[in-house]
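Peer 1: Let me begin by handing over the structure; questions about it come next.
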Amino acid sequence: MRILGIESSCDETGVAIHDSEGGLIAHALHSQASLHNEYGGVVPEIASRDHIRRLLPLVRAALRQAKGIDTQGAEGSDEGYGANPGIDAIAYTAGPGLAGALLVGACFAKSLAFAWGAPALGIHHLEGHLLAPMLEEDAPRFPFLALLVSGGHSQLVEAKGVGEYRVLGESLDDAAGEAFDKVATLLGLPYPGGPALARLAQAGDPHRFRFPRPMTDRPGLDFSFSGLKTCALDTLRKERRSRSGQGSDEGNGGDEALRADIARAFEDAVVDTMVIKCRRALRESGLSNLIVSGGVGANLRLRAALEEMARQENAELHCPRIEFCTDNGAMIAYAGSRRFSPDSASEKASGDAHSFGIRVRWRLEDLLPP
Ligand code: KG4
Ligand code: ZN
């Protein structure tokens, strides 16, 4: 069984093919980061237009990569999309995400599905992230605890099976990735800020500033990251004022060190907070498998700290490879493979073949098992 996965919920266009026997047999990605860079964040209209430009070439590239697939009809010519190249279903991200960007992916997937006579499945973006570690050799088994930390969400989820999710805690304000991006912006770093901030933090002194670990001094598993942004801004302003008041002659070098030290203090606070909450969630739930996924899951300091905590708690940490932490088509193809059943396919294909719904907001807990 072969599933084509399409991701277009934000600023990455991802396409992949998952085969029930061969595993992930193709995966192609285009990041729009350079397009949004000059605006300091994702511009929805630019994102939608770029998805339109990228999807077809990426599908062609994925079909070429997939071995043993008949690509004659599909990529022989621009008109050649009539013949199904051996795809059993098309999985696309139906939400949550940017409305226009989601619509592009949904419309594209549904059209291709119609042309190929295959069913199309709308996938929840966060379920894609949550299942992404299962693409790896040391795939976790249900039940597990999931730390989902991306640009739009920060959640701790108990996952008992596909579609059996309970949110144990979540961010009350900024998502973790959003906080990384905002602090990066105030430190003068380019978009996307997370990776840039993590790089700058490597040169930072971990002892110069200590930021709070928000909401760890009370019970519960919710997060709050917006205060850390204010803390970073206050520290930057105060230190710059005192440096100029003292007539510091360190020049740019001093400011560079200050920015790196703030980046380090911020990163340490976020990582520490997540470790504390994950440890608490493991103990309270009795679970012994932890996964971390979503863009912030690519943060090396976070992965190392969670690994160490899991070892102390006799638990196991499972992570997707770095490139599958951030948005990608592979996780959508895989989620599709876990949700698709040939029995229900004809019903699904006939039921809503010509309509497509996207859900800009969509709670993970609203999902049902396949
Ligand atoms: O999952 P993702 O690609 O998109 C969403 O679903 O939102 O996550 C993107 C977020 C951005 O906020 C980005 O700055 C952050 O993940 N991110 C990181 C790192 N790599 C990406 N944050 C911290 N450290 C990183 N290495
Ligand atoms: Zn994501």
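The values are calculated or read from the model by the stated rules, or taken from the named source; none is laboratory data. For clarity, every value in this text was computed on a predicted model and none was experimentally measured. Cβ coordinates were reconstructed from backbone atoms using ideal geometry, including for glycine residues, and neighbour counts include every protein chain displayed. For accessibility, only protein heavy atoms count, side chains too; no ligands or nucleic acids. Shrake-Rupley method; radii C 1.70, N 1.55, O 1.52, S 1.80 Å.
Peer 1: Here are some residues: Gly23, Gly40. Which one is more than 16 Å from ligand 1 (Cβ to nearest atom), in contact (Cβ under 8 Å) with a residue 24 or more places away in the chain and either closer than 21 Å to Arg338 by Cβ or open to solvent by 40 Å² or more (accessible area, probe 1.4 Å) (or both)?
Peer 2: On the way: Gly40 fails: more than 16 Å from ligand 1 (Cβ to nearest atom).
Selected residue: Gly23, the only one of Gly23, Gly40 that is more than 16 Å from ligand 1 (Cβ to nearest atom), in contact (Cβ under 8 Å) with a residue 24 or more places away in the chain and either closer than 21 Å to Arg338 by Cβ or open to solvent by 40 Å² or more (accessible area, probe 1.4 Å) (or both).
Peer 1: Answer with yes or no whether Glu158 is in a strand (DSSP E or B), open to solvent by less than 40 Å² (accessible area, probe 1.4 Å) and either within 8 Å of ligand 1 (Cβ to nearest atom) or among the charged types (D, E, K, R) (or both). Give the derivation first.
Peer 2: Values: in a strand (DSSP E or B): yes; open to solvent by less than 40 Å² (accessible area, probe 1.4 Å): yes; either within 8 Å of ligand 1 (Cβ to nearest atom) or among the charged types (D, E, K, R) (or both): yes.
Against the criterion (in a strand (DSSP E or B), open to solvent by less than 40 Å² (accessible area, probe 1.4 Å) and either within 8 Å of ligand 1 (Cβ to nearest atom) or among the charged types (D, E, K, R) (or both)), Glu158 qualifies.
Peer 1: For segment 284-310, which positions are small (Gly, Ala, Ser), under 20 Å from Leu126 (Cα atoms) and open to solvent by less than 10 Å² (accessible area, probe 1.4 Å)? If you could, list the steps in order and put the result at the bottom.
Peer 2: Filtering segment 284-310 down to residues small (Gly, Ala, Ser) leaves 285-286, 288, 293-295, 297-298, 304-305, 310.
Next, only the ones that are under 20 Å from Leu126 (Cα atoms) stay: 293-295, 297-298.
Ser293, Gly294, Gly297, listed by residue number.
Yes/no per residue for (1) away from ligand 2 (no atom under 16 Å from the Cβ); (2) touching a Gly at 6+ places or on another chain (Cβ under 6 Å); (3) among the polar types (S, T, N, Q):
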{"site": "Ser8", "(1), (2), (3)": "no, yes, yes"}
{"site": "Ala28", "(1), (2), (3)": "yes, no, no"}
{"site": "Ala33", "(1), (2), (3)": "no, no, no"}
{"site": "Gly40", "(1), (2), (3)": "yes, no, no"}
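Peer 1: Filter segment 88-104 for residues that are surrounded by fewer than 23 Cβ atoms within 10 Å (Cβ to Cβ) and within 21 Å of Arg363 (Cβ to Cβ) and give the result.
Peer 2: Filtering segment 88-104 down to residues surrounded by fewer than 23 Cβ atoms within 10 Å (Cβ to Cβ) leaves 88, 95-96, 99-100, 103.
Passing the criteria: Gly95, Pro96, Ala99, Leu103.
Peer 1: Another one. Among the residues of segment 242-265, is any over 23 Å from Pro219 (Cβ atoms), assigned to a strand (DSSP E or B) and more than 16 Å from ligand 2 (Cβ to nearest atom)?
Peer 2: No, there is no match, as no residue in segment 242-265 is over 23 Å from Pro219 (Cβ atoms), assigned to a strand (DSSP E or B) and more than 16 Å from ligand 2 (Cβ to nearest atom).
Table: residues versus (1) open to solvent by 60 Å² or more (accessible area, probe 1.4 Å); (2) assigned to a helix (DSSP H, G or I); (3) touching a Leu at 6+ places or on another chain (Cβ under 9 Å).
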{"site": "Pro133", "(1), (2), (3)": "no, yes, no"}
{"site": "Asp138", "(1), (2), (3)": "yes, no, no"}
{"site": "Gly194", "(1), (2), (3)": "no, yes, no"}
{"site": "Lys229", "(1), (2), (3)": "no, yes, yes"}
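Peer 1: Note down all Cβ pairs under 8 Å where the first residue falls in segment 315-329 and is of a type in the set (Asp, Glu), the second is away from ligand 1 (no atom under 12 Å from the Cβ), and they're at least six residues apart or on different chains.
Peer 2: Final answer for the pair search is Glu316/Pro140; Glu316/Ser288; Glu316/Asn289; Glu316/Leu290; Glu316/Ala310.
Peer 1: Which of the residues spanning segment 271-304 are within 9 Å of ligand 1 (Cβ to nearest atom), part of a helix (DSSP H, G or I) and touching a Leu at 6+ places or on another chain (Cβ under 7 Å)? Break it down stepwise before answering.
Peer 2: Within segment 271-304, the subset within 9 Å of ligand 1 (Cβ to nearest atom) is 293-302.
Remaining after also requiring part of a helix (DSSP H, G or I): 295-298, 300-302.
Result: Val296, single match.
Peer 1: Taking the options Ala203, Ala184, name whichever one is away from ligand 2 (no atom under 16 Å from the Cβ) and either surrounded by 23 or more Cβ atoms within 10 Å (Cβ to Cβ) or assigned to a strand (DSSP E or B) (or both). Break it down stepwise before answering.
Peer 2: Details: Ala203 fails: either surrounded by 23 or more Cβ atoms within 10 Å (Cβ to Cβ) or assigned to a strand (DSSP E or B) (or both).
On inspection, the qualifying residue turns out to be Ala184.
Peer 1: Still on this structure: Pairs please, first residue from segment 192-204 and under 18 Å from Gly152 (Cα atoms), second anywhere and within 16 Å of ligand 2 (Cβ to nearest atom), Cβ atoms under 6 Å, 6+ apart in sequence or on different chains.
Peer 2: Going by the 6 Å Cβ cut-off, the qualifying pairs are Pro192/Ala33; Gly193/Phe180; Gly193/Asp181; Gly194/Gly177; Gly194/Phe180; Leu197/Phe180.
Peer 1: Moving on. Which of the following residues is more than 30 Å from Ala265 (Cβ to Cβ), charged (D, E, K, R) and under 14 Å from the mean Cα position of the chain (by Cα): Glu137, Glu164, Glu158, Glu127? If you could, list the steps in order and put the result at the bottom.
Peer 2: On the way: Glu137 fails: under 14 Å from the mean Cα position of the chain (by Cα); Glu164 fails: under 14 Å from the mean Cα position of the chain (by Cα); Glu158 fails: under 14 Å from the mean Cα position of the chain (by Cα).
Unique residue meeting the criteria: Glu127.
Peer 1: Can you pull out every residue in segment 285-307 that is acidic (Asp, Glu) and in contact (Cβ under 8 Å) with a residue 24 or more places away in the chain?
Peer 2: none
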